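Beneath this line is the structure, given in structure tokens, with notes to follow.
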Amino acid sequence: MASSAGGKESESKSSSSSSSFGSWSFSSMMGFSSTSQPQSEKEKKAAEERKKQAAVAAAIAKAKKQPSRITQLREGYESLVCAVIRPPRSRYSMEDLGPVRLRLDSGVEMKRTDFELANYQGLQLKCSMWSPLASSSSGSSGRGESSGLRPRSAVVYLHGNSSCRVDATRTGVLETVGPLGCTCLVALDLSGSGLSGGEYVTLGWHEQHDVATVLRHLKRQGFEKVSLWGRSMGAVSAMMFAQSPLFEDVRPAQLVLDSPFASFPMLVDDLIKKGAIKVPRIAIKTVLSMVRSSVKKRTGADIYKIEPLKDCPASEMPALFITADRDEMIPTDHGSALNLAWGGPSLQVTFRGGHNTPRPPHIYDAAGTFLRAVLDHPGSTAEAHPVAPAGPSASGRVREQARAREAVVQAFKTIESDLCGGSGGPGGGGSSDLPPGWLSAVDPETGDTYYYDTATHQTTWFRPRKPSSQHMGQPGGLGGAVAR
């Protein structure tokens, strides 16, 4: 047994020794041993050459994956052109416009009538009109009708460059226009936008003709006064239309201008300074010249001639400019410059937010106050109102104009003191001058003033004009945005 154990032990050692020897032999053969012979000079040179070839191949592969500077410049140029004339197009269904007949928060019942018009290029413009109703209605194409209620004025809403007429219902525009009385709201998809015809938008160049198409239609339908409410591109379109000598037959009664730019060249300079347009500094002039040329070739529009600021001194109709204090696309300075240069009565109100921030309720209340001052007044602030029928004698028109201007001035004072607190934010006025049943307070998060109905405990950003429901003897309170 001992001999057998010793044999196994001897066998184990022999196996271990053999394994160790075999391992050593394999390592030596592969050149991993410290005793291996150094490479020859020829082998070294061959290895270095292979490394160089691999590096060159890797560089070529990387270069193929990355576009050249010319390709990058071309792609950047094309994206810049598309940002101007072909931003994302708003797609929607007719259901997105809401029910044909609806009741607003204010209690006013409206009926929608959809219609189409052909613009001067032969493109179809998709339009909608919301008309106030009394008890029953029967609408016809593009003319609001109802029993005992015949609208005599209209507000035309003009959307921004990536939007559509649905904005009129998704924002506070319809809720603002509805309670004005015998006033319809018209919204359209400008050419190149929404469901209307056209491939491109032109920031107001062709859109001003769309505005003329709609206003001439409304004039034929017998509307006495038409006001324009535009946002961004729509605001610029409204100004260009109002300033153009081509449309003297259909001048608007007033303008609500939300976030307009004063000049396209000035806007481009601002965006470049902010880094929003990433173009090498050395190539800025060349690229912008190419963009201008390309846009003109595709659309016929010379975008560098879109400068409504230049014609502001000759603009006589009253205007309300709305600006955002942190607008990342169109700086507040643009609205300020337009307001200062405007020839007629004007006011600028600013709210806290950016270009696409939902407008706070006090902005809609300010717009409603301004619209009411003009549309409810029998006179016009301009020398001759083109939409209105022939009026009284010249001296009578002068008196009417003076009274109309005074109504606008009073509306601006109300907006400054009561709605915007004189500083562009909601508020102003204390609880002592509020209607019975209402109190005012300040929101600790925003610093804005809101109003509190002591009967219903409802809060609203809108400054109330009537007593609370408890004092009026009616259920419910004022409609409006609720502060949370």
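The values are calculated or read from the model by the stated rules, or taken from the named source; none is laboratory data. Predicted model only: the values in this text are computed from it and were never measured. Methodologically, a virtual Cβ is constructed for each residue, glycine included, from the backbone with ideal geometry; neighbour enumeration extends over all protein chains shown. Only protein heavy atoms, including side chains, enter the accessible area calculation; ligands, DNA and RNA are left aside. Shrake-Rupley method; radii C 1.70, N 1.55, O 1.52, S 1.80 Å.
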Kindly flag which residue pairs out of Lys225/Lys310; Lys126/Lys285; Lys111/Lys305; Lys274/Lys296 have an alpha-carbon separation exceeding 32 Å in this structure. Lys126/Lys285; Lys111/Lys305
Please give the contour-minus-distance gain from Leu439 to Lys52: 0.36 nm per residue of separation, less the Cα-Cα distance, rounded to one decimal in nm. 131.1 nm
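Calculate, for Lys274 and Glu43, the FRET efficiency according to 1/(1 + (r/R0)^6) with r their C-beta to C-beta distance and R0 60 Å; round to the nearest 0.05. Mind dumping the intermediate values first?
Values: r = 60 Å, r/R0 = 0.99.
Once the sixth-power term is evaluated, E becomes 0.50.
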In whole Å, what are the Cα extents of the stretch 300-353 along the three principal axes, biggest one first? 34, 29, 14
Take the alpha-carbon centre of the stretch 175-249, take the same for the stretch 394-417, and report the distance between them in whole Å. 24
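Going by average Cβ density within 10 Å per residue, which order do the peptides 330-339, 41-50 take, highest to lowest? Mind showing how you got there, number by number?
On the way: 330-339: 20.1, 41-50: 10.1.
Peptide ranking by packing, descending: 330-339, 41-50.
Using a Förster distance of 25 angstrom, determine the FRET efficiency expected from the C-beta separation of Ser162 and Ala118, and round it to 0.05.
Working: r = 24 Å, r/R0 = 0.95.
So, using R0 = 25 Å, E works out to roughly 0.55.
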Length released on extending from Glu199 to Thr454, taking residue separation times 0.36 nm less the Cα-Cα span: 86.4 nm
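Roughly how many percent of the accessible protein surface of the stretch 195-247 is carbon and sulfur, given a 1.4 Å probe and a whole-percent answer? Spell out each step's value before the answer.
Working: 720 of 1410 Å².
Of all accessible area on the stretch 195-247, carbon and sulfur atoms account for 51 percent.
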How compact is the stretch 230-333 by the rule of thumb for globular proteins, expressed as Cα Rg over 2.2 N^0.38 Å? 1.18
Label zone at Met266 (point 7 Å along Cα-to-Cβ), backbone N below 20 Å, the stretch 151-190: 161
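Once the piece of chain linking Ser293 and Ala134 is laid out straight, how much longer is it, given 0.36 nm per residue of separation minus the C-alpha distance between them? Present the calculation step by step, with values, prior to reporting the outcome.
Values: separation 159, 0.36 × 159 = 57.24 nm, distance 5.32 nm.
Full extension of this stretch gives 51.9 nm more.
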